[in-house]
Amino acid sequence: VLDPQPGETILDLAAAPGGKSTQIAALMKNEGRLSVVEAVKPRFFKLKANLDQQGVEIARMFLMDGRAVGRKCPQMFDRILLDAPCSSEARFSRLDPESWAHWSPRKVKEMARKQKGLIASAWTSLKQGGMLLYCTCSFSPEENELILDRLLRRVGDEAQLEEITLPIENTQPGLTRWRDKTLHPDLCKAVRILPDEMMDGFFLA
């Protein structure tokens, strides 16, 4: 969906452990500039080891809070991937109680606060006409549609959601209403991937 191209300047804003960063570099044919950011020190070194092992030559790695990137790098990137830290609801399995042991409504609120800062930073870092891909492995509207609704209403016509076409059938459109709140109508273009025997759940826009 991000569709990175050789020669572009691309940001992976919450990059560890590096699987998506290495795929981005491969699609770029190791040509261009890939900035990868991770705030947690042990995860940062895991990220660095994985990129080195996979032969990624175009990455510049930054151990820093992604919420500061927008201020330091305004309108710098052609494409940005923000696979945001989340409560991981979409990975729950009834066969594995540990998969939901860490979850709580408080955790959702905590993640939403962090996501608001990260997406604002990503937006500030994006070139005019660039693409920002926001995703989580959560189903909480507080971490998905409500985050995007806030951004869309803040920036107005500067941003528009694009249609996403995926070669799978286990999807639902994004929510345009949650509880008593009417959300931005274009949020129907977001995609909720439902978990099945082949994949975990996911959200992307």
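The values are calculated or read from the model by the stated rules, or taken from the named source; none is laboratory data. Bear in mind that the values here come from a model prediction, so they are computed numbers and not experimental data. As a convention, Cβ positions derive from the backbone with ideal geometry for all residues, glycine included, and neighbour counts pool all protein chains shown. Side chains included, ligands, DNA and RNA excluded: accessible areas come from the protein's heavy atoms. Shrake-Rupley method; radii C 1.70, N 1.55, O 1.52, S 1.80 Å.
The residues of the chain have, on average, 55 Å² of accessible surface per residue, using a 1.4 Å probe with all protein chains present. Over all Cα atoms in the chain, the spread is summed up by Rg and Dmax: 16.6, 50 Å. Computed from the C-alpha gyration tensor, the three semi-axes of the ellipsoid equivalent to the stretch 39-101 are 28, 18, 12 Å, from longest to shortest.
The residues neighbouring residue 103, those whose beta-carbon lies less than 14 Å from its own, together hold a net charge of -1 under the Lys/Arg +1, Asp/Glu -1 convention. Other residues within the sphere of radius under 10 Å centred on the Cβ of residue 20, judged by their own Cβ, net out at -2 (K and R +1, D and E -1). Neighbours of residue 203, meaning other residues whose beta-carbon lies under 14 angstrom from its beta-carbon, give a summed charge of -4 when Lys and Arg score +1 and Asp and Glu score -1.
What is the distance in Å between the Cα centres of the stretch 169-205 and the stretch 1-55? If we compute the Cα centre of each part, the gap is 26 Å. Short-range pairs are left out: with C-alpha atoms under 8 Å and at least six residues apart, the relative contact order of the chain is 19 percent. The dipole here belongs to the chain: it is taken about the Cα centre, uses +1 on the Cβ of Lys and Arg and -1 on the Cβ of Asp and Glu, and is about 940 debye.
For the pair residue 49 and residue 124, a Förster radius of 41 Å applied to the C-beta separation gives a FRET efficiency near 0.85, rounded to the nearest 0.05. Per atom type, the stretch 101-205 shows carbon and sulfur on 50% of its accessible surface, probed at 1.4 Å. The 1.4 Å probe gives accessible areas that order 108, 40, largest first, as 40, 108. Applying both filters, DSSP loop and at most 15 other Cβ atoms within 10 Å, to the GluC sites (Glu not before Pro) of the stretch 95-182 gives 162, 163, 169.
D by Stokes-Einstein for the stretch 1-111, Kirkwood Rh over Cα pairs, 4 °C, 1.567 mPa s: 86 µm²/s. Both radii were evaluated on the Cα set of the stretch 135-205; the Rg over Rh quotient, with Rh as the Kirkwood radius, amounts to 0.98. These residues, 153, 71, 33, go from largest to smallest accessible area, 1.4 Å probe, as 71, 153, 33.
For the stretch 118-169, the fraction of C-alpha pairs more than 16 angstrom apart is 47%. Here residue 109 sits with roughly 130 square angstrom of accessible surface, probe radius 1.4 Å. From helices alone, the chain scores -8500 deg cm²/dmol at 222 nm; the rule is -39500 (n - 2.57) for each run of n ≥ 4 DSSP H residues, then divide by the residue total.
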